[in-house]
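The values are calculated or read from the model by the stated rules, or taken from the named source; none is laboratory data. Because the structure is a prediction, the values reported are computed rather than measured. Glycine also receives a Cβ, built like all others from the backbone with ideal geometry; neighbour counts cover every protein chain displayed. The accessibility values were calculated without ligands, DNA or RNA, using every heavy atom of the protein model including side chains. Shrake-Rupley method; radii C 1.70, N 1.55, O 1.52, S 1.80 Å.
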Number of protein chains: 2
Amino acid sequence: MKSILTLFLALSFTVVFANDGVILIKRLGNGVDATITVRNAIQKLRAKKGNKLILEKGEYHFWPKMAEEKYLYISNNDHSLKSIAFDLSGLENVEVDGSGSTFIFHGYISPFLLEKSKNITVKNLSFDYARTFHSEGKIVNAYKDSLDLSFSKDFPYSVDNYRLNFKDKENNSYPFGHLLEFDAVKKEVAPFALDYINGVENLIAKQITPDLVRIYLPGLKGNVGNILVFESKNRLVPGIMISDSENISISHVTAYHAGGMGVIAQKSKNIFLDNFNVKAGEGRMVSLTADATHFANCSGKISIQNCVLQNQMDDAGNIHGVYAQIDSIKSDKEIIIKLAHFQQQGVDYFAVNDSVEFVIPKYLETYAKNSIVSLERINKTYIKVIFKNPLSSNVKAGDNLGVLSDSPDVIIKNCTIQKNRARGFLIGTKGKVLIENNYFHTWWGAIDLYANGTDWFEQGGVADLTIKGNIFDNCNYGLNVGLGVIIVLANMEFNPANPTYYNKNILIVNNTFKVFNPNILNMKSVDGLTFRKNKIEYTNTYKLPEWYATQKIEAFILQNSINIKIKK
Amino acid sequence: MKSILTLFLALSFTVVFANDGVILIKRLGNGVDATITVRNAIQKLRAKKGNKLILEKGEYHFWPKMAEEKYLYISNNDHSLKSIAFDLSGLENVEVDGSGSTFIFHGYISPFLLEKSKNITVKNLSFDYARTFHSEGKIVNAYKDSLDLSFSKDFPYSVDNYRLNFKDKENNSYPFGHLLEFDAVKKEVAPFALDYINGVENLIAKQITPDLVRIYLPGLKGNVGNILVFESKNRLVPGIMISDSENISISHVTAYHAGGMGVIAQKSKNIFLDNFNVKAGEGRMVSLTADATHFANCSGKISIQNCVLQNQMDDAGNIHGVYAQIDSIKSDKEIIIKLAHFQQQGVDYFAVNDSVEFVIPKYLETYAKNSIVSLERINKTYIKVIFKNPLSSNVKAGDNLGVLSDSPDVIIKNCTIQKNRARGFLIGTKGKVLIENNYFHTWWGAIDLYANGTDWFEQGGVADLTIKGNIFDNCNYGLNVGLGVIIVLANMEFNPANPTYYNKNILIVNNTFKVFNPNILNMKSVDGLTFRKNKIEYTNTYKLPEWYATQKIEAFILQNSINIKIKK
């Protein structure tokens, strides 16, 4: 018993209290679980025994064993019981400084949670996982509907009765639900590759030699020498989760991996990312398994500056609101709404005093406004909402409800966005937006003013957007969801009798477009767009797929739009 | 909008308030979701506007859509975010009377939750599911390692790239993790069948005709004409969940199905089941997917009388405590314990003021006692425990901690237990236990005094058990986990230097044993057993498997036991 007691005493000495509000964590022994040490240190912050948590520079390891657990609903990720290493919830005026440390996570544990937190800075650290939530296999042979793959020791697996099961040395399982090919040389998504999503988890596998697994899936194709990524089925383990918080700063933080998004903020105000970087770890194609950054119903200011966001399996950033679906009308001031997308369930997008809009999903037309007096959560999916004013007589089940007052100003500046699957930035806010001096090399469009009231339920629409001084370097080399370097294709029908111009006042100036594909802008339902003083350079970096090469494709596709000024 | 308002008004009239504390729910229209009506009625109970909830006799349907949701840790079931139709948590002095109604549940929703409830009666109702959590296929052809199955419309499925996926019309999925054959004529588990568990979810399937699915799994066998049950992978949707409650009565309730146990009670006092019945629905082999009843760390009295418990996929009942594993020692009065079995995690088995024992897992030897002064939950798995007295110097990591003060008296009387997988009753309590006048026809042993400190972590050991006037009708016709109609095989090594007699004072009297297998009692480490005035009838209802037929098998196998009196 003595030796165990000694160990505990030794561990407790790793937290040191200095005079100036600093709680210092000294470097731990090799392979020691830092979770309880960090948790105890945060307990001191919570007891206001300090406001700065500094970790001595080193490598820290975290396991779920001693971690805080909370059932969390995280927008556009999957809700679940989550383990968290740094649970900064409820804290105010706190700084966490990693001193340049590396954090290695083992299994299903998220680095950071900030819920109802205020004035928090997280800085000077990087995080990675001992075993990634996705897996990568090298394509050794290719046949019809079938590939032979070899997996490095970083991606342990077993083949059980023709099923491919990824795991780790602690026997956690890492299910996949999506396949995508990466170019092994360029370390980017393979040009014009396909997303395999439907039924992928049912693929048939056979261990044909000790080093080779043959997989079979109807329609599967791949190029020998490239890497096939087995994207994780769920987004259970995001990196930095921010909910109902204010004045949050993340700086000089590098995310090499997470089993979900990098930074996901919901219903929060003033989020500042400076030198927040997303990069694939050594020898890997993929960094994060989902978006680098994501902001749902945030307000105030969002700043993303000096960031490198690359190789993640989804967008570099998505800033949007959420449309709830009207389920039923209970009285002249009372309705029940539904959070209809499964990755939106449980999130408190709507709050008392929010001003809201009622929207026809088909036309994305706002036909009434009101404000919220009270809310009653029925369960993660349904909420009863009571309004200040009587409902418009037009309100009906199936329409959408969105918050109007969550419209952050956004600045995205001096960033590099490249080699990831999907888009650069999706922007949907009526605040002032500046996208300046960035480098984009994205598999789909670089900037996408998306919105959708029937499926993804993402509320968008800009009112003041400036895109200035950026380099768009051969963007949309996926081309499998349509044309465009800059895309404005909200998912809406145009109603000529009562037109909705969903996006307004867009200025695109002084940018460089390097394009292998003649199309630059692909837009509809815009009121007010100026395109001037941009440089367009035609390249042959990628060879247009045969079908596209035979089409006449315009540089500027603009439908149902007014007040458009394009000067090439 | 008017028609919707009218509908709401109509619905609200279905809850009627009478003068005598009765809240009456009138029969709803065909196929109407009763969930919100019931929830509103319970709201009235909660506001003390009544103490009796009566449902007019009829058929009521429940969907998760409007249900209460809670993240629940339910012993020996799987923790998850659960939807509950009747959430009676926190209520006192309440009766729910179904008037003989039938409740039909649709999807992942549990009928009842009683958490911190007191003096509650639930009576006069039955519940079933529109689509069961398990599936059943008729064996049409049998080959080596392969069977052809036909599924009725009750068990919708699809075959996707050689995977068999069970689903319902709302596209919920019903994964399986265990196969077991049932005798289609006798409607019981097939004699001497095998439990297929390992790797079952990886089986290969092919739709060979519109009506036939061929499945392939190494080692798979089955008899043409019988039914192959695809047992649900998880126990996510128990029937009646009782936690930290007192004086709970369930009477005249029939459970035709649930996706977990029928009645599961944890850390609760005084549970009375009268005419609680478990039966397979029309045309099905299987009733519940797990135990009919289960009691973990309960106290006071447990009464199970006049119950028919049949065709469930696990035991008729299991009454036990839980051993936590000692993870580490923090000070002379403080340890960290681990709830080591994944289906025990998150349950508050330990409470302040509990008297506890320290146990050597290998020998199930109690070597020290103490009592709990305070508890701090680290997460669902780890708990810090502070004791009243200094720890024994023998206490070490890896030993077990169990509660001594949870030792209910038990009466099981006038029940029929038959045709289920696994055992009849597992009994592990130091209270007074009477098992009288029951009929047993179980696939494994009828009564099993089990305990395990290293794997299932179930604390047991009886001190006063009477088994009287029961009929044991050809029990243990599975025979695949060992011999015995009455079994006392706690998972322990016998230490001759310091013997532990784990079970004590057992009286077996006036029972009838009908046996096709010569073994009746299979016991070890018992102090005090009297077997007298029992009738033994040898039958040929089942033909002993070849291997057993060639062995000399004793009627009474007793190892390492003292004070044994057997009079045939």
Exercise. Taking a label point 7 Å out from Cα toward Cβ, give me the nm distances from B:Asp168 to the same spot in the other copies, shortest first, one decimal.
Key: 3.4
Practice problem: Could you please state how large a percent of the accessible area of chain B is carbon and sulfur, counting protein chains only and using a 1.4 Å probe? | Solution: 49 percent
Quiz item: Taking the alpha-carbon set of region A:297-354, what are its Rg and Dmax in Å?
Solution: 16.2, 50
Practice problem: Report, for region B:39-153, the % of DSSP beta bridges that are antiparallel, rounded to 5. | Solution: 35 percent
Exercise. Please sort by residue number the trypsin sites (Lys or Arg not before Pro) in region B:260-368 whose DSSP state is loop and whose Cβ has at most 16 other Cβ atoms within 10 Å.
Key: B:Lys333, B:Lys362
Practice problem: Please provide three numbers in whole Å: the alpha-carbon extents of region B:496-568 along the principal axes, with the largest listed first. | Solution: 41, 29, 15
Practice problem: Using the heavy atoms of the protein chains and a 1.4 angstrom probe, tell me the accessible area per residue for region A:222-291 in square angstrom. | Solution: 25 Å²
Quiz item: Along Cα→Cβ at 7 Å, what distances in nm separate the A:Pro545 label point from those on the other copies, shortest first?
Solution: 5.6
Quiz item: Considering only chain B, what is the antiparallel percent among its DSSP beta bridges, to the nearest 5?
Solution: 35 percent
Quiz item: Average partner chain C-beta neighbours within 10 Å, per residue of A:64-74?
Solution: 3
Practice problem: Determine, from the Cβ-Cβ distance of B:Glu493 and B:Val140 and an R0 of 41 Å, the FRET efficiency 1/(1 + (r/R0)^6), rounded to the nearest 0.05. | Solution: 0.30
Quiz prompt | Amide H contacts of A:Ile378 (H built 1.01 Å from N, under 5 Å, at least 5 apart or other chain) | solution = A:Ile383, A:Lys384
Quiz item: So for the pair B:Asn306, A:Glu376, with labels modelled 7 Å out along Cα→Cβ, what separation do we get in nm?
Solution: 3.9 nm
Practice problem: Using only the Cα atoms of chain A, build the gyration tensor, take square roots of its eigenvalues as a ≥ b ≥ c, and label the shape rounded, prolate or oblate: rounded if a/c is under 1.5, else prolate if a/b is larger than b/c, else oblate. | Solution: oblate
Quiz item: Which parts of region B:327-363, residue by residue, lose 40 Å² or more of accessible area when the rest of the protein chains are there, as against the chain isolated (1.4 Å probe)?
Solution: B:Ile329, B:Lys330
Self-check item: Principal axis dimensions, largest first and in whole angstrom, of the protein assembly as shown by Cα
Solution: 107, 71, 62
Quiz item: Just the C-alpha atoms of region A:460-529: what Rg/Rh do they give, with Rh taken as the Kirkwood radius?
Solution: 1.00
Quiz item: Which value, in square angstrom to the nearest 100, describes the accessible area buried between chains A and B on both sides, using a 1.4 angstrom probe?
Solution: 3300 Å²
Quiz item: From the square roots a ≥ b ≥ c of the eigenvalues of the alpha-carbon gyration tensor of region B:28-173, which class results: rounded (a/c under 1.5), prolate (a/b over b/c), or oblate?
Solution: prolate
Quiz item: Ranked from highest to lowest mean number of other Cβ atoms within 10 Å per residue, what is the order of the peptides B:535-546, A:458-469, A:218-229, B:416-427?
Solution: B:416-427, A:458-469, A:218-229, B:535-546
Exercise. Would you check the accessible area of A:Lys533, probe 1.4 Å, heavy atoms only, in square angstrom rounded to 10?
Key: 140 Å²
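What is the sum of charges, Lys and Arg at +1 and Asp and Glu at -1, for the other residues whose Cβ falls under 11 Å from the Cβ of A:Thr416?
Net charge around A:Thr416: +1.
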Quiz item: Hey, can you list the residues from region B:191-240 whose accessible area shrinks by 20 Å² or more with all protein chains present, relative to the chain by itself (probe 1.4 Å, no ligands or nucleic acids)?
Solution: B:Asn202, B:Ile204, B:Tyr216
Quiz prompt | Lys/Arg +1, Asp/Glu -1 at C-beta; chain A dipole; positive extreme among A:Pro210, A:Ser99, A:Asn400 | solution = A:Ser99
Quiz item: Any idea what % of Cα-Cα pairs in region B:102-248 are farther than 17 Å?
Solution: 65 percent
Quiz item: Under the Kirkwood approximation for Rh and a Cα-based Rg, what ratio Rg/Rh is obtained for region B:166-310?
Solution: 1.04
Practice problem: Identify, for chain A, the residue whose C-beta comes nearest the rotation axis onto chain B, and round that distance to whole Å. | Solution: A:Tyr71, 2
Exercise. Work out the FRET efficiency for A:Asp20 and A:Gln43 from their Cβ-Cβ distance, taking R0 = 22 Å, and round it to the nearest 0.05.
Key: 0.70
Practice problem: Report ³J(HN,Hα) in whole Hz for each residue of region B:143-156, in order, from the Karplus equation J = 6.51 cos²θ - 1.76 cosθ + 1.60 where θ = phi - 60°; Gly and Pro get x. | Solution: 10, 5, 6, 8, 9, 9, 10, 10, 10, 6, 5, 5, 10, x
Quiz item: What's the extension gain from B:Leu404 to B:Val185 if we count 0.36 nm per residue and subtract their Cα-Cα distance?
Solution: 74.3 nm
Quiz item: In terms of solvent-accessible area of protein heavy atoms at a 1.4 angstrom probe, what is the ranking of B:Asp160, B:Asp20, A:Asp128, highest value first?
Solution: B:Asp20, B:Asp160, A:Asp128
Practice problem: Could you provide, to the nearest whole Å², the per residue accessible area of region A:20-135 with probe 1.4 Å? | Solution: 34 Å²
Self-check item: Cα gyration tensor shape of region A:259-385, rounded if a/c is under 1.5, else prolate or oblate by comparing a/b with b/c
Solution: prolate
Quiz item: At 222 nm, what helix-only mean residue ellipticity would the protein assembly as shown give, in deg cm²/dmol to the nearest 500, using -39500 (n - 2.57) for each DSSP H run of four or more?
Solution: -1500 deg cm²/dmol
Quiz item: Relative to a virtual label point 7 Å from the Cα of B:Ser331 in the Cα→beta-carbon direction, which members of region A:26-58 show backbone nitrogen distances below 18 Å?
Solution: A:37, A:40-41, A:43-44
Practice problem: Taking a label point 7 Å out from Cα toward Cβ, give me the nm distances from B:Pro390 to the same spot in the other copies, shortest first, one decimal. | Solution: 7.8
Self-check item: Chain-alone versus full-assembly comparison, region A:127-164, residues with accessible loss of at least 30 Å² (1.4 Å probe)
Solution: A:Asn161, A:Tyr162, A:Arg163
